[in-house]
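Everything on this sheet refers to the single structure shown next.
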Amino acid sequence: MKKWDSGVFLIDGRQIVLKGEEYKTSEMQRFSEEEVQSAHQNTIAYGILSKHNTSNSMENLQIKFDALVGQDMTYMGVLQTAIASGVGDFPIPFVLSSCHNALCYKDGTSNEDDHLFAIGAAKKYGAIFLPTHLAVMHQFMRERYAGGGKMILGADSHTRYGALGTIATGEGGGELVKQLLGRTYDISYPKTVLVYLSGKPIPGVGPQDVAIALIGSVFKDGFVKNCTLEFCGPGVKSLNVDFRNGIDVMTTESSAMFSIWETDEKVEEWLAIHGRKEDYVHLKPGSIAYYDKLIEINLDDIRPMIALPFHPSNAYEIEELNENLEDILHITEQECNRQMEEFGLKVDLLSKIDNGRLRVDQGVIAGCAGGLFENISKAADILNGKGINNQGYNLNIYPASQPVLYEVIEHKIAQIILESGANLRSAFCGPCFGAGDIPFNGGFSIRHTTRNFSNREGSLPGKGQMASVALMDSLSIAATSVNDGYLTPATEYLGNYTKYNYQYNAKIYEERILDCYKNANPSEVIIKGPGIGDIPDIPELKENLLLKCTAFITDPVTTTDELIPNAESASYRSNFEKIADFTLSAKVPEYVGRCKAIREWQRALQAGDNPFADNPDLQAAIDSIRKNLLDFDEKSLCIGSVLYANRPGDGSAREYAASNQKILGGWANICKQFATKRYRSNLINWGVLPFTTEEEMLFGVGDYIYIPAVRSQLLEGKEKIIAYHLKGNEAEKITLSLDELTDKERLIIAEGCLINYYKKGY
């Protein structure tokens, strides 16, 4: 794999010319700057983005999407926020997919209560309701909505349909609310990275192998952060559509914003099989297209891969790992244990070595990445005629939709799977986020799913539980499964792979999907279960702001799974107060209590009371402000908490990573940089100031930061904000940045949150 961090031209879709170099036509020549600008518009991405842009500038995009999708960990927040903001009929299709909280494993009836709420909202406002176990959201969107030249926005980070010709991305719920209210998705035009594929995968290499190799190459150095990946080249034709979809969905883990692929007759056939041939558009770059960066992947060179804990970028070839087992596992252990140090827990991977080989405890093939028909059918070829041992190892397979399961049964693939001793289950996203197939304490699971962050598999470090997940392709998982759980690359399987004639059975959905798009009934009554809570009132930002630090995290990256742990909190997604109690619970258990104490001070101020008299610590901070002659007026003061992390927000799009902080009285994040745009957008939509800084921050938990005139500076468009670290009688000046905030975003923060912004009539 090669990377080029400068401009390149793609000539006729096949010849790469580095910017500044000569290229050969009838004579040697170089491109002029005018030709560069023209060629910039010849990418596939430019064509799609320009058609969806409603602004008069391609530098500052204002996008309107063709469809929306959310799942039952996120759509409740979208619906509640939209309703609180005064939404009417939904102007575009909004799919409410019940694929995450499909099990009532916490808090009694709450999950099904949420689904009933969503059914009522679908009828009242005109949405599409997808019941549990029918499909994981992204497979459903591939089957029913994605197509050439479209754009789709999802309240889930793995919203990616680029292989079908659709630019799609995942964002927090606030961005979907904007679309439902007829507003736009506002971003600067992203850089476009050419991912040039050549060659053909060797037998035993699957889509997850290519994806892990790509993520391992580009994530850590931020090479494609917030960029568009455009997949082109002769290697594309060597991949069938399931293989492309399997790579594409994992591009989220590269930190890219969008992805798009050139399309061909295989995509046309795939859409025709799904009854949507009219949605096919032949997409390819213009004759001379310009890209900001280049990644070259020779598919011939990709080997079976494994991403060790705790990130998809911790990538190794399986053969390399097996040859250097102790050294690599020791390095991985050290990094994992550094992350778990605060819990007094240790990951013991070296104990998994048995007679010089790595022996794993569990295999899972599931979801939008692993549960595709080709992944399952090829895994079954490896399983065929072999058995899984009875020494505690389990292999669990979840088809991505009921139509996929139907074909698995129709072609007798299910018989092969079940006779091997593997388990075949329904479409459910649980294994991807820790709500299903949780390993035993100390267990090591290999999974063809999307992520392997710490405690993503459902263990609870705060309760002394620790398990680990490595990501692999379904083929190597199957090869490992029939080898007594010893880590085995699928290239060791020497048999053939069966080619099946896949057919899509649309009848499976016909009687079950509630499609109310363009058929809204305003008189519909939404049934609200006892666990569904209203969004509490959120105060506006006053002129001056006093912050107390409640978490100071120095890890290189802080994930959204750490900011709001997944499985344990899943059943409280429709109650903003309850789910806030889980904030940082597996990382900084004291965080919630600290924040609630500060929130009481703010509530006292709002009620006209004096929170200072009985709080010597707070009074000392106020005295410091006055002693240092800083502007201060109790009537124009907000008090709240601030979280510091080096690089927060890697991972999912779930807005609760931000809304929880605001519900608990949080007013700001301070960081070196934000890991993802979507987390930063969530902070903005919930009125949390997204500060960055280049300075070394010397404050810590319990310290106070005072920012005078913050509201005025925010609304005046200031990018550099002066704040003060209060240290006894001293006030040490620090500079914080508010870069790349639009005027609209500044107003949202000033009003306190997106809901307040819309209530004010903006």
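A few notes on this one:
- Single residue of Ala580, Ala570 found to be in contact with a His (Cβ under 8 Å, 6 or more places away or on another chain), outside the structural domain of Gly108 (by TED's automatic domain parsing) and crowded, with 24+ Cβ neighbours inside 10 Å: Ala570
- Test: residue in region 615-628 that is part of a loop (DSSP other than H, G, I, E, B), over 40 Å from the mean Cα position of the chain (by Cα) and either surrounded by fewer than 16 Cβ atoms within 10 Å (Cβ to Cβ) or not assigned by TED's automatic domain parsing to the domain that holds Met76 (or both): yes
- Test for Phe612: is it modelled with pLDDT under 90, surrounded by 16 or more Cβ atoms within 10 Å (Cβ to Cβ), part of a loop (DSSP other than H, G, I, E, B) and not β-branched (Val, Ile, Thr): yes
- Residue list for region 656-678, filter: of a type in the set (D, E, K, R) and either in the same structural domain as Phe219 (by TED's automatic domain parsing) or touching a Phe, Trp or Tyr at 6+ places or on another chain (Cβ under 7 Å) (or both): Lys662
- Pairs, first within 20 Å of Val408 (Cα to Cα) in region 504-517, second of a type in the set (Phe, Trp, Tyr) and not in a loop (DSSP other than H, G, I, E, B), C-beta under 7 Å, six or more apart: Asn505/Tyr406; Ile508/Tyr406
- Region 703-740, residues that are in contact with an Asp or Glu (Cβ under 8 Å, 6 or more places away or on another chain) and either small (Gly, Ala, Ser) or surrounded by 17 or more Cβ atoms within 10 Å (Cβ to Cβ) (or both): Pro708, Ala709, Val710, Arg711, Ser712, Gly717, Tyr724, His725, Leu726, Ile734, Ser737, Leu738
- Among the residues making up region 190-218, those that are touching a helix residue (DSSP H, G or I) at 6+ places or on another chain (Cβ under 6 Å) and over 30 Å from Lys499 (Cα atoms) are Thr192, Val218.
- Qualifying residue in region 692-707 (condition: within 22 Å of Lys744 (Cβ to Cβ), at pLDDT below 95 and either within 31 Å of the chain's Cα centre (by Cα) or not assigned by TED's automatic domain parsing to the domain that holds Ala82 (or both)): no
- Candidates in region 233-262 are the residues that are hydrophobic (A, V, I, L, M, F, W, C) and more than 13 Å from the chain's Cα centre (by Cα); of these, the one that is farthest from Tyr500 (Cα to Cα) is Ile260.
- Within region 310-364, the set of residues being assigned to a loop (DSSP other than H, G, I, E, B), closer than 23 Å to Lys220 by Cβ and within 28 Å of the chain's Cα centre (by Cα) comprises Phe310, His311, Pro312, Ser313, Asn314, Val347, Leu349.
- Residue match in region 146-160 (condition: closer than 16 Å to Leu514 by Cβ, outside the structural domain of Tyr280 (by TED's automatic domain parsing) and touching a residue at least 24 places away in the same chain (Cβ under 8 Å)): no
- Count of region 642-655 residues, restricted to those that are surrounded by fewer than 24 Cβ atoms within 10 Å (Cβ to Cβ) and either touching a helix residue (DSSP H, G or I) at 6+ places or on another chain (Cβ under 7 Å) or outside the structural domain of Leu605 (by TED's automatic domain parsing) (or both), is 0.
- Residue within region 595-608 that is among the acidic types (Asp, Glu), under 30 Å from Tyr656 (Cβ atoms) and assigned to a helix (DSSP H, G or I) present: yes
The values are calculated or read from the model by the stated rules, or taken from the named source; none is laboratory data. Just so we're clear, the structure is a prediction, and the values are computed from it rather than from any experiment. Heads up, the Cβs are rebuilt from the backbone with ideal geometry, glycines too, and the neighbour counts pull from every protein chain shown.
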